Every structure is written in C-alpha cells, then in structure tokens.
Amino acid sequence: MRDGSDGGRFRLWAFLTVLAFLVAGIAAGCGGDDGDDEGGVTATTTGTDAEATGEPLRIGIFSNNEGAFAPFEGQTWGGAMLPLIERGATPASDDPTDGVENAVIAGRPIEIVYGGSDSTPDSAVEEARRLVEQENVEILLGPLSGSEGIAVANYSKEQPGVTFVNGISGAQDTTLKVRSENFFRFHSDGTQWTAGLGDYAYNELGWRNVVTIGDDYDFPYSQIAGFVAEFCAIGGNVTERLWPPLGEEDYSSFITQIPEDVDGFFMGVGGTGTVAFVNQYGQLRGNLADKIMGGIFMTDPVILEELGDQVVGVVTAGMTAGDSEEPAYLEYAEGLGNAYADLEGTASSVFAYGYYTAMEAIAQALEEVEGDLSDDHAAFREALANMELDAPLGTITLDENRQAIMDNFLQQIVEDQTGDGVPDVQTIKTIPQVDQTFAGFFSPETPSPDRTNPACEEAEPPPWTVQGGGG
C-alpha cells in the first residue's frame, strides 16, 4: 500500500511532468515518459498521439489504507483500475495502488492521484481536501467506509467545480439525506443490500424473535435498518440491538448479551471484526450457522477463506453474485485476475465491484461527452445522472438523488464445490432493481438509521416478500 502524503516529492514530480510535456511538444509531439511514481501521483498516462489528443485529466482515488478496512484496499484499487485496463492501459506493477500506465479516455491522458484514509469521517474529509485543493483533481473517486461517505458528500457541496463519485461507502444518508448535486453513487447502499433477508428469516427459517449486532457507525445502522424494516413489517420482532465499536477485538461481552433462546441474530460486524466475531462466537457458543444471518462481509472472498467451513449454511444478501454465469460477469472476473494475480477469485467482493462500477461510469460518461468538463462539468454530470450502466451483474440506473437502483442477491454459503478449499456462495433469489426507498420505507423525511431507528413495526411488506406478493 502506498503513502500518498509526500507532498514535497509530489511537487518535484509535478514540475518534472510539466517540463516533460513541454519538451515532448517541442520535440515533435511524441508521448512523454512515465513519471517516477513519487508522491501522490501513481501513474502518468500519456498514450500515443493518435489516442491522447486532449489535456491530461486528473482523477483522485482514495480508499482505506489504515483501520479495519485496510486489508481491502487492493481490491478497491483493482476494481478501479480495471476499466482503464480494459481501455488499453497497463498495470504499473502487481500492486493495484501503483496505478496504470498509458490510460486514455476520450482522447485525454489520465493521471491517477493516490489517496488513503482510515475509515473515520475526519480522515476522509482531510484526504478529500488534499486531493481536491492541493492536488487539483477534477474527479474524485471514493471513499470506502459509511461515515466517510456522509462526510465527503457534505464536503462536495463546497466544491461545485469537482465531480465526486462514491467508492463503496454504503451509509444510506450519503445520498438520501445529503443529496449533493455533484456526488454520485453507482452501487446500492447498505439498506438495499439487505433486501430479501427479513423475508427469508421469517418465512424460510421460521424466525420470530431476533437480535441484531453491528458496528456502532453509519454503515451498519443502514444494513440493520433494512433487515429490521423488512422482518418487522412481516410480523417479526427484534428484541435487542447491540453495537460494539468499529475495530473492537474482543467481542465476548457482546456475544454473551445475545440471549440463547432467540431464534437467531443478524450480524453486521464488518472489516477485520467479521473474522474475530465469528471465531469468538464459535469458541463461546459453538456452531453459529443455524443462528446467524450475515451482512455483505460474510461472503467476501478474503473473509470466506479465513472463516472456512464454520460459516457453511449462513444466509446473506448483497449486490454481488459470485456464482453468476453471465458472460459479462465472467469476463469481468477473468479480467481482474489477469490484471492482478493476487486478486484472482475476488471479483465478487463488493470492494472491487463498487470501485469498478464507479470508474466504469466515469469512463463511459467521459466518452459520451468527449472528455468535456467545461461549465462545471455540466454535460459530464448529466451523462452520469442519466446513465444506464450495463454492469457485469445487471443494469444500474440512478434515482433523482444520484443513487443507484440495481439488483440484489439473496445467497447462502455452501460447501466447497470447486476444490479450492474455500466455501462457495450460491444465489437463492434475485430481487430486481431495489431502490433506496426500500419500497417506500425510507425517504428524506424519515429518521436516519441509527441505534434505535427504524422502529420495529408491522407495515405493508415489500413486494419481494411472500406477504408482499413475491417469493
């Protein structure tokens, strides 16, 4: 992982880059040499004369290089680099955070500027400010974590001349409440990711009384909000909601608070905490597969490899389906593994897929407007807002708040079918085109998901549930 804070070396690099462009122009217009990869810029990408005819375009990318989600930085960067590689760029090294060489979109050479944060809102805004106000990026892709996204979306309102495209930050409020006109999210949020879980718990598993447990910050609030809304609308009861801090290492006191007589519990502990929680639960309570329903982290390929057979049988849901046989998905998965050997088999990670759809949307919008970012990116943003992104796992469109509407996949972790020693994931059901209102449960006027909201109340069930006419 790179450190993007070396401002002094970046200024030297920037001076040399400008000089290189001037010399290249005088010398006959040939493409310049790559930069020395110092400071914040991960790659100078000039292409050939026939391809790169416009001014360089600076895109800042940042994920988490510290904190509970740092192990997933490579996946986010691999996903973000793949659309550029598919357009002719080449990886600068085996490490995705080193960026790419010779990337050109709509005739404009692309300069990727590296950034990193630690999953906290203050860190994310500080890094966004550095990338926008010091490194002068024109498009910013990121952040990763839930509370970071809310903070960066609010910051985007201070920078009307920059376009922000979310990385994989999944808090609901980022788009539903903040509603920044220059902030776009091309993936579903944490609430949307739970579509189908409440229905399955009630109608297939026969659960009536459950507990939820999740990290104490905005993304798990959103995930648990979706589960609570659906499960309680059908008639289920949530008896308690437990909130360990993000980054907790010892979950024993929280595990002992889960009553043994409840039917089951929804687990929204994420990042490095997922493995720690599951292992500690097994030590204290034994097999959890018949008691636990997991959020999106349970099926992440890296986490599955760590957890192994102890999670076989667990039902989860999310925006990716690793068992998809669709040609577009297989091509995406193969491309990611070919570009970065260490990322082979990780295409179903939401970290990779979220950053991939973000960069693919950026690239397609730039191609549509022929690289034109004039008038505060007016045409570019219109192209983003009206895009129907033909993504590897189905069409993605945006609502009026620039939030993705897309399919969700109800899945179960099953025994290894491929012989690689890692449990597989099997899709049970596809819930088509889930929108951010969750079939009307959430709006800009409803309370933000938090420790107690939404309330557990019976209501008209979502249409994808048995009671709502689905099933």
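Remark: H187, H377 ranked as H377, H187, counting other beta-carbon atoms within 10 Å and listing the fewest first.
Could you pull out the GluC sites (Glu not before Pro) across the range 411-471 that fall in loop regions by DSSP (anything but H, G, I, E, B) with no more than 10 other Cβ atoms inside 10 Å? It would help to have the intermediate numbers written out before the result.
Values: sites: E415, E445, E457, E458; in loops: E415, E445, E457, E458.
Counting only loop positions with at most 10 other Cβ atoms within 10 Å, the GluC sites (Glu not before Pro) in the range 411-471 are E415, E445, E457.
Would you report the distance distribution of C-alpha pairs in the range 61-127 as whole percents per 10 angstrom bin, up to the bin with the largest distance? Taking all Cα pairs of the range 61-127, the binned fractions are 22, 46, 26, 6 percent.
Going Cα to Cα from K429, which lysines come in below 26 Å? Please leave out same-chain ones fewer than 8 positions away. By straight Cα distance, K429 reaches K291. Placing a pseudo-label 7 Å from each Cα along the Cα-to-Cβ vector at S374 and N279 gives an inter-label distance of 5.8 nm.
Note on the range 394-433: Cα-Cα pairs beyond 16 Å make up 54% of the total pair count.
Counting other beta carbons within 10 Å of each residue's own, what order do D189, D376 fall into, fewest first?
On the way: D189 32, D376 12.
Sorted ascending by nearby Cβ count, the order is D376, D189.
Of all DSSP beta bridges located in the chain, what percent are antiparallel, nearest 5? Working shown, then result.
Working: 23 of 54 bridges.
For the chain, the DSSP antiparallel bridge percentage is about 45.
Return one number: the angle in degrees, 0 to 90 and rounded to the nearest 10, between the long axis of the Cα atoms of helix 73-85 and the longest principal axis of the Cα atoms of the chain. Long axis of 73-85 versus the principal axis of the chain: about 50 degrees.
With R₀ set to 45 Å, the beta-carbon distance separating Q257 from S93 gives a calculated FRET efficiency near 0.45. Which shape class applies to the chain: rounded if a/c is under 1.5, otherwise prolate when a/b exceeds b/c and oblate if not, where a ≥ b ≥ c are the square roots of the Cα gyration tensor eigenvalues? Prolate is the answer for the chain, as a/c is 1.5 or above and a/b outweighs b/c. Rounded to the nearest 10 degrees, the inclination of helix 350-368 to the longest alpha-carbon principal axis of the chain is 40 degrees.
Please work out whether the range 197-323 counts as rounded, prolate or oblate from its C-alpha gyration tensor, where a ≥ b ≥ c are the square roots of the eigenvalues and a/c under 1.5 means rounded, while otherwise a/b larger than b/c means prolate and anything else oblate?
Working: a/c = 1.32, a/b = 1.18, b/c = 1.13.
Rounded, since a/c falls under 1.5.
Restricting to DSSP loop positions (anything but H, G, I, E, B) with no more than 16 other Cβ atoms inside 10 Å of their own Cβ, which GluC sites (Glu not before Pro) remain in the range 111-184?
Listed in order of number, the matching sites are E158, E181.
By how many degrees, between 0 and 90 and to the nearest 10, does the Cα long axis of helix 7-27 differ from the longest principal axis of the chain? The angle comes out at about 50 degrees.
Rule-based calculations on the coordinates, nothing more; no lab input. Please read these numbers as outputs of a predicted model, since none were measured by experiment. A quick note on method: Cβ atoms are made from the backbone with ideal geometry, for glycine too, and the neighbour counts reach across all protein chains shown.
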